[in-house]
Amino acid sequence: MTWHPDIPEAYRNQIVTGDARALAERIPDESIDLIFTDPVYSEQALYDALAAIALRVLKPGGAVLCWSNGKWHRQNANWLEAAGLTYRYDFGCVIATGGAPMNGKIISKTNRIIWLDKNEQSKMRGYLADGYASVAWSRLHSEWTWTKNPVYCEQAIEAFAPQGAIVLDPFAGHATIPAVTKIAGRQYIGFEIDPTRAAAARTRLENTQAMHPLFVADQTELDLSAA
């Protein structure tokens, strides 16, 4: 796969500082394979913007994967559906190493990835567990704080984005998803409105190594006719 020629060079495998709603205007129609992101769960305007971007820039068959949690995932999915996307499924990622307090009373131990698309056009190309339990993350640059499980993020990318695919994260934060996309050997575009977080994200990506391609052995049949 190659970049659409009209995607700006400044966007390609970069974190761009600015508002995703304005920056996305320079992305051509139907030029993105996967949108994978983690918006602020309580901000409906971000979900309206995410849906509008997705409906225009996703290729036919492209998917939206959107992180949420046990409290917000129904509301977040409803917002995205109301804005024009089609809900497909949500996958659970169990937090085995601790919980996130909500209102000081409930401990959330499950994050979710909501899968949506345009008119049920997308398909999983691989396997993604529902009810995945968090495991040690040490193999992936343990000096960084991962806001979401990077192993599960990588599995999601493998399941929904073919090799060479272009993954857009409109709300990149500290670049967990772009970093994992780079590790998985895919292309990425990241937008981040906060300049401090965007600078930290760029530093992180500079220190993230892409996956090296592995040798794949061919299986051939033996000629036993002369034996």
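Structure data summary
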| read-out | value |
| --- | --- |
| Candidate set: segment 69-111, residues that are surrounded by 22 or more Cβ atoms within 10 Å (Cβ to Cβ) and modelled with pLDDT under 95; chosen: the one nearest to Gly131 (Cα to Cα) | Cys93 |
| Subset of segment 149-171 [open to solvent by less than 10 Å² (accessible area, probe 1.4 Å) and outside any helix (DSSP H, G or I)] | Asn149, Ala161, Ala165, Ile166, Val167, Leu168, Asp169, Pro170 |
| Cβ-Cβ under 7 Å pairs, at least 6 apart or on other chains, segment 112-124 side under 24 Å from Pro150 (Cβ atoms), far side assigned to a loop (DSSP other than H, G, I, E, B) and open to solvent by less than 30 Å² (accessible area, probe 1.4 Å) | Leu116/Leu85; Asp117/Leu85 |
| Residues (more than 16 Å from Gln155 (Cα to Cα) and open to solvent by 10 Å² or more (accessible area, probe 1.4 Å)) located in segment 173-187 | Gly173, His174 |
| Output for segment 14-26, where each listed residue is surrounded by 23 or more Cβ atoms within 10 Å (Cβ to Cβ) and among the β-branched types (Val, Ile, Thr) | Ile15 |
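The values are calculated or read from the model by the stated rules, or taken from the named source; none is laboratory data. This is a predicted model, so every value here is computed, not measured. Don't worry about glycine lacking a Cβ; one is built from the backbone with ideal geometry, like all the others, and counts go over all protein chains shown. Surface accessibility is based on the protein's heavy atoms, side chains included, excluding ligands, DNA and RNA. Shrake-Rupley method; radii C 1.70, N 1.55, O 1.52, S 1.80 Å.
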